[in-house]
Amino acid sequence: MKKTSYIFIGLTIMLSLAFFGSCGQKKAKDGRTDTPTSGTIQFVADESLSPIIEEERSQFEFEYPKAHLKPLYSDEVTGLQMIKDFKTTLLFTTRALKDSEIAYLKSKSNVIPSVFPIGYDGLAFIVNKNNNDTCITVNDIKRILTGKANKWSDVVPGSKRGDIEVVFDNTRSATTNYVVDSVLHGEKFGAKIMAAQTSKQVIDFVDKNPNAIGVIGSNWLNDRRDSTNTTFKKNIHVMRVSVKDKATPSNSWQPYQAYLLDGRYPFVRTLYAIVVDPHKALPWSFANYITNPRGQLIVFKTGLLPYRGDITYKKVNIKN
């Protein structure tokens, strides 16, 4: 009798543990089972940001092996629509949400979206490796993009290169939207502006076309073999941009980290994470990881400018 009671109590405890264990793994109403460090989710990022996001994703999954992050590298317009349609809970792009977009998402989900900066990159203009006309003014860039300057001789007197071929990554990308809003300030593109599908296709096009100018995010530029982040890709030239009336090597700057920081490079974009996660689980955790010291160090090592961190630079005089 006594032995049977012990067995009955033991079975009761085991069944209770099984019941509560199953409750802990119960799916949410939306079907999600992810936690801050485990599970599988899909997120969206503008394709122009894919190099830095891939670095962050790879390291996050290394540190949290039970977490599986599936990226969809698309364009900014598609990503924002997916957030609004609640088809994703995490988006990386180069603009914050508008007040009207925040109000809409809050009204539909009863969740206030979290929007926070994760870093900065530069809008880069690249030319063929055989093109040594690499200094250009902000005004000439505007003239080229609006179709007011169509030939290389329009911006480089005496040039024999012929027509300028401008190519963007995508008509709906964060790069294109930034140019319209922050470079052209609403002016329309010229008729001969072209669009590829990806940033890699832009680089390949410029590599094969001596007259081309490509427009991409600067996080596509860095040569990963150079740990100092001072070397750009070998198969292209990165243009130096000047705010002066005439561009010279001494008053024109490339999108290096230091020039993004001190403002000498004129085209700097803020990179944002947009999170609409009612559970504050894996999407929230990954976005916040990028803003933490380890994630910000990855931003720095990939050649971009971290949003957080005490960054200082010093001038060094080099004597031959």
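Of note:
- Test: residue in region 93-112 that is surrounded by fewer than 16 Cβ atoms within 10 Å (Cβ to Cβ), without any contact (Cβ under 8 Å) to a residue 60 or more places away in the chain and in contact with a helix residue (DSSP H, G or I) (Cβ under 6 Å, 6 or more places away or on another chain): yes
- First in region 183-206 and touching a residue at least 24 places away in the same chain (Cβ under 8 Å) and under 23 Å from N139 (Cα atoms), second anywhere and open to solvent by less than 50 Å² (accessible area, probe 1.4 Å) and among the polar types (S, T, N, Q), Cβ under 6 Å, 6 or more apart: E187/T146; G190/T146; A195/N170; V206/N128
- Counting only residues that are part of a loop (DSSP other than H, G, I, E, B), open to solvent by 60 Å² or more (accessible area, probe 1.4 Å) and more than 26 Å from N251 (Cβ to Cβ), region 139-176 holds 2 of them.
- Residues in region 289-309 that are of a type in the set (S, T, N, Q) and more than 15 Å from the chain's Cα centre (by Cα): N292 alone.
- Elements of type strands (runs of 3 or more DSSP E) contained in region 230-320, each with 2 or more residues being open to solvent by 40 Å² or more (accessible area, probe 1.4 Å) and modelled with pLDDT of 95 or more: 268-275
- The lone criterion from (1) closer than 19 Å to N177 by Cβ; (2) in contact (Cβ under 8 Å) with a residue 40 or more places away in the chain; (3) open to solvent by 20 Å² or more (accessible area, probe 1.4 Å) left unmet by L49 is number (3).
- Yes/no for L80 being more than 21 Å from W220 (Cα to Cα), surrounded by 19 or more Cβ atoms within 10 Å (Cβ to Cβ) and within 15 Å of the chain's Cα centre (by Cα): yes
- Taken as a whole, the condition of being within 20 Å of D75 (Cβ to Cβ), buried (at least 20 other Cβ atoms within 10 Å of the Cβ) and among the β-branched types (V, I, T) does not apply to I136.
- Verdict on Y73 being open to solvent by 40 Å² or more (accessible area, probe 1.4 Å) and modelled with pLDDT of 95 or more: yes
- Selected residue (only one of I141, I118 is within 20 Å of G186 (Cα to Cα) and either at pLDDT below 95 or among the β-branched types (V, I, T) (or both)): I141
The values are calculated or read from the model by the stated rules, or taken from the named source; none is laboratory data. From a predicted model like this one, the values you see are computed outputs, not experimental measurements. Note that we place each Cβ from the backbone using ideal geometry, even for glycine, and neighbour counts take in every protein chain shown. Only protein heavy atoms, including side chains, enter the accessible area calculation; ligands, DNA and RNA are left aside. Shrake-Rupley method; radii C 1.70, N 1.55, O 1.52, S 1.80 Å.
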